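The values are calculated or read from the model by the stated rules, or taken from the named source; none is laboratory data. Keep in mind it's a predicted model, so treat the numbers as computed, not measured. Note that we place each Cβ from the backbone using ideal geometry, even for glycine, and neighbour counts take in every protein chain shown.
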Amino acid sequence: MNAKAAFAAILEVFEEQGIDPVPVHGNRPGSTGRRRIPIMASVTFTQANNDRNLTGQTPEAFWNSIAHVPLLSVGINCALGPKEMRPRVEDLSRCAPVYLSVYPNAGLPDPLSETGFPETPESLAPQLGAWAEEGLLNIVGGCCGTTPAHIARMAAAVREHTPRVIPSFADPGVLRLSGLEALNISAGTNFVNVGERTNVTGSPKFQKLVLAGDYEGAVAVARQQVENGAQIIDVNMDEGMLDGVSAMTRFLQLIGPEPEIARVPVMVDSSKWSVLEAGLQCLQGKGVVNSISLKEGEEKFLEQARRIRRLTKRGRPTTFHGGRKFARGRTNCSSRRSDFLPRTSFLIRTSSR
């Protein structure tokens with residue numbers, strides 16, 4: 001969540017100061033006449049036998065969470081040595097269509113060794129050289145325990161090898177969501193189960209619990225939804241007796257630390273923009289917005305769409321209920337102006353009803 005907030009802030013500053021990012025497949029620096037600065041992302045995994053990062057996400061779930069950011073690279077750094085880091089590097093390499101960076105420690109910390117880390121320049125560099133030979137690396141360096149001697153050896157070990165080829169996906173219309181785990185939805189995906197009992201307008205039981213302030217009971221409803229097969233949970237706090245922003249924020253903050261719930265993506269559901277925005281700011285993963293509408297005009301719609309795109313890049317305009325032909329026209333509008341995916345919008349419509 002901190003990474004997503006940082007990227008949102010960076011992109012706001014870029015917009016204010018007339019700066020463009022440098023995405024992998026973008027124009028060459030300087031070709032637009034504006035100042036251009038690359039954005040790089042990196043994540044840390046701390047447990048040798050666990051594929052979860054510090055906040056509990058898998059490598060693919062982490063990538064899905066930040067895939068909307070125009071990144072030059074994504075990578076893994078710190079905490080682990082190359083042996084322990086490799087499986088996570090392979091996972092990230094398969095799913096991230098940007099450059100890949102790797103900055104391992106000089107092995108796991110060892111207080112009994114002379115330097116505090118077991119890997120010497122002579123033992124660390126050949127391991128990274130083998131990764132480069134197998135096409136896993138674009139950017140390489142060292143983190144804790146590495147020295148200028150380590151870096152020099154690494155550079156020599158990878159210099160003669162071909163950089164990693166960035167993967168290209170045959171179906172760019174795949175909807176890539178995440179909680180602590182990834183959920184990828186394509187045209188070939190069967191029905192997606194959306195749990196709607198965490199919705200005060202659709203579940204009398206949930207409504208009573210929230211109105212009574214029994215958020216522990218409300219969290220139990222969400223847990224039951226996931227246990228019963230929900231692949232996304234829909235959270236709605238649109239009730240006249242509720243402060244929607246406060247209720248949405250509190251509930252999402254309570255389910256966030258619950259791994260059995262937080263493993264699935266969240267659909268933030270409201271007819272109020274303030275509630276949608278508050279909900280998005282509480283999501284660690286890549287969620288879904290339900291919904292924004294053209295009823296206030298195209299400019300307001302696009303303003304909200306851009307904000308959603310900055311925070312998550314996945315939305316669902318309500319006007320799609322007006323019929324398929326009408327929906328296509330509205331989708332074309334948002335595609336031209338805010339780079340939404342037409343297929344994605346229809347997938348969510350089909351999956352949530």
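For region 31-42: of the residues being touching a Leu at 6+ places or on another chain (Cβ under 8 Å) and under 19 Å from Cys143 (Cβ atoms), which is surrounded by the most Cβ atoms within 10 Å (Cβ to Cβ)?
Result: Ala41.
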How many residues, within region 233-258, are of a type in the set (Gly, Ala, Ser), closer than 16 Å to Phe206 by Cα and touching a helix residue (DSSP H, G or I) at 6+ places or on another chain (Cβ under 7 Å)? 2
In region 49-78, which residues are within 15 Å of Ile166 (Cα to Cα) and either within 9 Å of the chain's Cα centre (by Cα) or at pLDDT below 90 (or both)? Trp63, Ala67
Given the residues Gly217, Gly229, which is the only one that is at positive phi, modelled with pLDDT of 95 or more, out of contact with any His (no Cβ under 6 Å at 6 or more places or on another chain) and assigned by TED's automatic domain parsing to the domain that holds Ser274? Gly229
Would you point out the residue of region 171-211, among those that are more than 14 Å from Gln225 (Cβ to Cβ) and charged (D, E, K, R), that is surrounded by the most Cβ atoms within 10 Å (Cβ to Cβ)? Arg176
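Identify the residue in region 269-289 that is among the β-branched types (Val, Ile, Thr) and within 15 Å of the chain's Cα centre (by Cα) and, among all such residues, is farthest from Gly244 (Cα to Cα).
At the first step, the residues of region 269-289 found to be among the β-branched types (Val, Ile, Thr) are 275, 288-289.
From the residues that got through so far, the ones that are within 15 Å of the chain's Cα centre (by Cα) too are 288-289.
Working: Val288: 18, Val289: 15 Å.
So, considering only residues that are among the β-branched types (Val, Ile, Thr) and within 15 Å of the chain's Cα centre (by Cα), the one farthest from Gly244 (Cα to Cα) is Val288.
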List the number of the failed condition for Val221; all other conditions in (1) outside any loop (DSSP other than H, G, I, E, B); (2) over 27 Å from the mean Cα position of the chain (by Cα) hold. (2)
Test Arg316 against the stated conditions and say whether it is modelled with pLDDT under 90, under 19 Å from Asn64 (Cα atoms) and in a helix (DSSP H, G or I). no
For Arg52: the one exception among (1) touching a residue at least 24 places away in the same chain (Cβ under 8 Å); (2) within 30 Å of Phe14 (Cβ to Cβ); (3) basic (Lys, Arg): (2)
Among the residues of region 69-83, is any free of Cβ contacts under 8 Å to residues at least 12 places away in the same chain and surrounded by 14 or more Cβ atoms within 10 Å (Cβ to Cβ)? no
Across region 229-266, what is the total count of residues that are under 17 Å from Gly179 (Cα atoms) and either part of a loop (DSSP other than H, G, I, E, B) or of a type in the set (Gly, Ala, Ser) (or both)? 10
Is it true that Val69 is in contact with a helix residue (DSSP H, G or I) (Cβ under 6 Å, 6 or more places away or on another chain) and part of a loop (DSSP other than H, G, I, E, B)? yes
Lone unmet requirement of (1) over 22 Å from Arg310 (Cβ atoms); (2) among the small types (Gly, Ala, Ser); (3) modelled with pLDDT of 95 or more for Gly279: (1)
Among (1) free of Cβ contacts under 8 Å to residues at least 40 places away in the same chain; (2) not in a helix (DSSP H, G or I), there is one condition Glu122 misses while meeting the rest; what is its number? (2)
Taking region 84-116 and keeping only residues that are in a loop (DSSP other than H, G, I, E, B) and either under 23 Å from the mean Cα position of the chain (by Cα) or in contact (Cβ under 8 Å) with a residue 60 or more places away in the chain (or both), one is left with Ala96, Pro97, Val98, Pro104, Leu108
Any residue at all in region 118-129 that is at pLDDT 95 or above, in contact with a Gly (Cβ under 7 Å, 6 or more places away or on another chain) and of a type in the set (A, V, I, L, M, F, W, C)? no
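On the given criteria, is Ala106 closer than 22 Å to Asn184 by Cβ and crowded, with 17+ Cβ neighbours inside 10 Å? Working first, answer last.
Working: closer than 22 Å to Asn184 by Cβ: no; crowded, with 17+ Cβ neighbours inside 10 Å: yes.
It is false that Ala106 is closer than 22 Å to Asn184 by Cβ and crowded, with 17+ Cβ neighbours inside 10 Å.
I need a count of the residues in region 269-310 that are part of a loop (DSSP other than H, G, I, E, B) and surrounded by fewer than 21 Cβ atoms within 10 Å (Cβ to Cβ).
Matching residues across region 269-310 total 9.
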